[in-house]
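Every read-out reported here was derived from the displayed coordinates using simple, explicitly stated rules and does not represent laboratory data. If you're wondering where the values come from, they're calculated on a predicted model, not measured in any experiment. Cβ: placed from backbone, ideal geometry, glycine included. Neighbour counts: every protein chain shown.
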Amino acid sequence: MQRTTLIMLALLLSSLNVACQSTNEKNKEDEALAQQNQTPVQTTPQDGIHKAYFASGCFWCVEAIYESVKGVSEVINGYSGGHTENPTYQSSNTGLTGHAEAVEVYYDPNVVSFETLVDVYFGSQNITQVNGQGPDRGSQYRSIIFYQNEEQKAIIDAKVAELNEQLGEQKVAAQILPFQKFWRGEDYHQDYERLNPYNRYIQNVSIPRLKRFQKKFPELIKEDSH
């Protein structure tokens with residue numbers, strides 16, 4: 001009798017866990033759909049410098065990649081794509097804020113176009129990896145490409161369609177979302193690869209990822225970044 005009761009209790013707990021997981025997945029789907037239906041926020045260029053926003057795994061890696069590109073003057077690490085105010089590194093790592101590690105790219109469109117930045121984005125990551133890049137796993141490391149207007153969205157959509165055709169059964173994993181707000185990350189995350197070249201993660205993950213990108217797009221790389 002006791003064994004039967006324990007088995008029934010275990011089955012009940014298992015059912016509850018499945019139900020909770022299903023609810024969480026449904027909530028995430030609803031949240032993603034709501035974000036897709038938002039009106040994008042257009043940033044204002046200053047002194048001819050525009051901004052673009054991308055999420056592609058660890059922002060230390062993405063920052064270093066974009067800062068090596070001609071026409072990019074600055075890259076800021078931070079958080080975007082979520083539903084909470086003032087996210088932090090600790091809170092975003094829980095996966096509960098909805099935010100992903102993201103970068104704010106300052107660029108001169110007379111030197112490098114938004115379309116080229118999109119090529120850099122897809123050309124510097126595993127485009128089919130869901131919720132992460134390399135060893136970094138979780139929704140906070142998911143790939144998101146943000147657009148600020150319909151022209152940018154058309155560029156992104158065309159590139160994704162082209163890549164999906166090349167992939168066949170696999171598909172591009174990145175979300176395409178209207179930009180809403182970028183939250184600057186903590187100071188110690190800025191210029192992280194440059195300031196921490198001997199960090200084990202930087203040595204084993206970030207620098208190899210940067211080198212792979214630079215080998216793939218040598219014509220885009222600043223002279224002092226080789």
Requested in this report: Indicate the gyration tensor shape class of the range 47-225 (rounded, prolate or oblate), computed on the Cα atoms with a ≥ b ≥ c the square roots of the eigenvalues: a/c under 1.5 is rounded; otherwise a/b larger than b/c is prolate and the rest oblate.
Outcome: rounded
Query - C-alpha center-to-center spacing [the range 156-202, the range 81-146] in angstrom - result: 4
Requested in this report: For Ser225 and Ala161, compute 0.36 nm times the residue count separating them, minus their Cα-Cα distance, and round to one decimal in nm.
Outcome: 19.9 nm
Report summary line: With +1 at each Lys and Arg Cβ and -1 at each Asp and Glu Cβ, the charge dipole magnitude of the range 47-225 around its Cα centre, to the nearest 20 debye, comes out at 600
Report summary line: Spelling it out for Gln175: with amide H atoms placed in the peptide plane at 1.01 Å from N, the residues 5 or more places away or on another chain with amide H under 5 Å from its amide H are Ser143, Ile144, Ile145
Report task. Would you work out the relative contact order for the range 38-107, in percent, from Cα pairs under 8 angstrom that are 6 or more residues apart? Result -> 40
